[in-house]
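Presented below is the structure to which this report refers.
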């Protein structure tokens, strides 16, 4: 029995030493990993050529231009996404669903709002007025085009204003624009950043 006990103890000791050595090697490996590169901050700079568009929309709809810029940043990274058409069917710099732009009372509108609206009707101010949409002909060319920056930004301002932003209820307006708490947080984050840096955009 004594000899068997010694063998058992020896085996246990060897197992413990192996475990301890493995643990030390693991900890050493973790300590010598290269330091991960810090996450680069998201691009914050607003293209200067867009500022007059935001401010003109603010003047008409009383929606802060920083909030409009934040929507533009979150939706299409200041129109740098290509194409500016989402898989769900949202269109243009501010990613309007066709039924929101033209009006949900359009006969083809249901579900997520992609609809089946003829292209000519999508940009026709008279059709948009008829169906109660938010699309706006801001540049006066006779079309309310969700792909035109002026029209898109003014349409977004129109939507946000009518959903509380003109009265200061930014959160409710942004949530109405996109029913996602994460989306609301992102837009308000950028709006606050742009508000803090507004002196450089004067």
*Give just the number: which of (1) under 11 Å from residue 153 (Cβ atoms); (2) at pLDDT below 95 does residue 42 not satisfy?*
(1)
_Residue identified as out of contact with any strand residue (DSSP E or B) (no Cβ under 9 Å at 6 or more places or on another chain) and at pLDDT below 95 among 182, 196_ = 196
*Can you tell me which residue among 103, 92 is at positive phi, within 16 Å of the chain's Cα centre (by Cα) and modelled with pLDDT of 95 or more?*
92
*asked:* So residue 176 passes all but one of these: (1) over 20 Å from residue 46 (Cβ atoms); (2) touching a strand residue (DSSP E or B) at 6+ places or on another chain (Cβ under 9 Å); (3) assigned to a helix (DSSP H, G or I). Which condition number does it fail?
replied: (2)
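Of these, 85, 112, 68, which one is in contact with a strand residue (DSSP E or B) (Cβ under 6 Å, 6 or more places away or on another chain) and at negative phi?
85
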*Which one of these does residue 202 not meet: (1) surrounded by fewer than 16 Cβ atoms within 10 Å (Cβ to Cβ); (2) at negative phi; (3) at pLDDT 95 or above; (4) over 17 Å from the mean Cα position of the chain (by Cα)?*
(3)
*Test: residue in segment 147-159 that is surrounded by 15 or more Cβ atoms within 10 Å (Cβ to Cβ), at pLDDT 95 or above, at positive phi and in contact with a helix residue (DSSP H, G or I) (Cβ under 7 Å, 6 or more places away or on another chain)*: no
*asked:* Any residue at all in segment 184-197 that's crowded, with 16+ Cβ neighbours inside 10 Å and in a loop (DSSP other than H, G, I, E, B)?
replied: no
*Using beta carbons and a limit of 9 Å, which pairs, at least six apart or on different chains, have the first residue in segment 117-138 and in contact (Cβ under 8 Å) with a residue 60 or more places away in the chain and the second one surrounded by fewer than 15 Cβ atoms within 10 Å (Cβ to Cβ) and assigned to a helix (DSSP H, G or I)?*
138/60
*Pairs, please: C-beta under 9 Å, at least 6 apart or cross-chain, first residue on the phi < 0 side of the Ramachandran plot and touching a residue at least 24 places away in the same chain (Cβ under 8 Å) and in segment 179-195, second loosely packed, with under 14 Cβ neighbours inside 10 Å and not in a helix (DSSP H, G or I)?*
186/180; 190/42; 190/44; 193/44; 194/44
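The values are calculated or read from the model by the stated rules, or taken from the named source; none is laboratory data. These numbers were taken from a predicted model, which means no experiment stands behind them. Cβ coordinates were reconstructed from backbone atoms using ideal geometry, including for glycine residues, and neighbour counts include every protein chain displayed.
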